[in-house]
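Comments concern the structure below.
The values are calculated or read from the model by the stated rules, or taken from the named source; none is laboratory data. On a predicted model such as this, the values are computed, not experimentally measured, just so you know. All Cβ positions, even for glycine, are placed from backbone atoms using ideal geometry, and neighbour counts span all protein chains on display.
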Amino acid sequence: MEGLEFGAAVRQLRESTRPEAVGLPAGGRRVRGLRREELAELSGMSADYVRRLEQGRSHPSAGVVKAIARALRVGRGDYERLCALAGYAAADGQVPQQLGPGAMRLLERFADTPMIVTDAAMNLLATNNAFLALDHWSLTGERWEWNVAWRTFCSPFEAFQQSAADATDHEAVLVTQLRSSLLRYPDDASLAELVEEMRSRSRLFDALWRAPRPVQAYESSATFVRSDGDSVTLAGNMIAIPGDDLAAVMLTAAPGSHDEARLAEVVSAAGAPAILKVSRSGPS
């Protein structure tokens, strides 16, 4: 089964790769993406071997996986996925933290929508000033204060309020994300330390880690209480950015609602749109 899944993943990536993206001419083609022969030449193997890999009849070595990923010039997320399907940890096993073009495009095109981008460990990598204008992310001085999962289970925001049902959905998503990430990045010491510390600090997280809840939806609602006493209720939707193994969370209000009008006021008062990268010392 793993061989078939790996082969299907290689074929999908090969067929979705534009020839010009890997230095090949694009004209005169009857098939999508690259031909098997072209992938074989770029990765230094035979076309017959590529065919057997795609058909699940050969198991690749870790070096072959890396050669295919390099030949197709895939992002870190796709490389990690190929490694996992072939049964290997990635070369360094670290959670990628690079903001790729997909994440930047989302932040640029939805400048008036509160949004964050996180890595696979749920650390904030970037946000926009529309999100910071919600005025709820109080700082604690702790090591993990910019980690969404840590703040949810170990250091909750007073100004972030959810119903029991929404909190249940939100918690299930965070635990599922971290469990999946720990499987993909077994050598990331920081991720392992985060999980262990959360298990020791939060009984709820530890219970969910041992017996995860099924994820019902990758969205939930919350009320953000601002320092001026007003509040706005928004729905958060998680969007995967698989090429870089990142995720974006967009916060929107119900169309035509008071919350939509209030959100527009809050964002307008935040000034010109800006993208802020987040380090351990905060946005910059």
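Annotations for the structure displayed:
- Residues being among the aliphatic types (A, V, I, L, M), within 19 Å of residue 16 (Cα to Cα) and part of a loop (DSSP other than H, G, I, E, B) - total across region 34-53: 1
- If you go through region 237-258 and keep only what is under 26 Å from residue 149 (Cβ atoms) and either in a helix (DSSP H, G or I) or hydroxyl-bearing (Ser, Thr, Tyr) (or both), you end up with 242, 243, 244, 252.
- Only a single item in (1) hydrophobic (A, V, I, L, M, F, W, C); (2) within 15 Å of residue 6 (Cβ to Cβ); (3) surrounded by fewer than 16 Cβ atoms within 10 Å (Cβ to Cβ) is not met by residue 45, and it is number (3).
- Among the candidates 77, 56, 93, 63, the residue that is within 29 Å of the chain's Cα centre (by Cα), touching a residue at least 12 places away in the same chain (Cβ under 8 Å), assigned to a helix (DSSP H, G or I) and outside the structural domain of residue 126 (by TED's automatic domain parsing) is uniquely 77.
- Of all residues in region 105-146 being among the charged types (D, E, K, R) and without any contact (Cβ under 8 Å) to a residue 40 or more places away in the chain, the one that is farthest from residue 253 (Cα to Cα): 142
- Given (1) surrounded by fewer than 21 Cβ atoms within 10 Å (Cβ to Cβ); (2) under 16 Å from the mean Cα position of the chain (by Cα); (3) assigned by TED's automatic domain parsing to the domain that holds residue 158, index of the condition residue 121 fails: (1)
- Residue list for region 124-173, restricted to those being under 19 Å from residue 221 (Cα atoms), of a type in the set (Phe, Trp, Tyr) and crowded, with 19+ Cβ neighbours inside 10 Å: 131, 137, 150, 153
- Evaluated against (1) at pLDDT 90 or above; (2) on the phi > 0 side of the Ramachandran plot; (3) not aliphatic (A, V, I, L, M), residue 36 falls short on exactly one condition, (2).
- Every residue from region 203-224 that is of a type in the set (Lys, Arg) and loosely packed, with under 14 Cβ neighbours inside 10 Å: 203, 210
- Some residue of region 184-207 being modelled with pLDDT under 95 and either assigned by TED's automatic domain parsing to the domain that holds residue 74 or at positive phi (or both): no
- Extreme residue, surrounded by the most Cβ atoms within 10 Å (Cβ to Cβ), among residues of region 174-187 that are of a type in the set (D, E, K, R) and within 20 Å of residue 241 (Cα to Cα): 184
- Any hit, region 105-115, residues being assigned to a helix (DSSP H, G or I) and of a type in the set (Lys, Arg): yes
- All conditions but one from (1) within 12 Å of residue 133 (Cβ to Cβ); (2) touching a strand residue (DSSP E or B) at 6+ places or on another chain (Cβ under 6 Å); (3) not acidic (Asp, Glu) apply to residue 223; the one that does not is (1).
- Inter-residue pairs, beta-carbon under 8 Å, first in a helix (DSSP H, G or I) and in region 162-184, second modelled with pLDDT of 95 or more and of a type in the set (Val, Ile, Thr), 6+ apart: 170/152; 171/152; 174/148; 174/152; 178/195; 182/195
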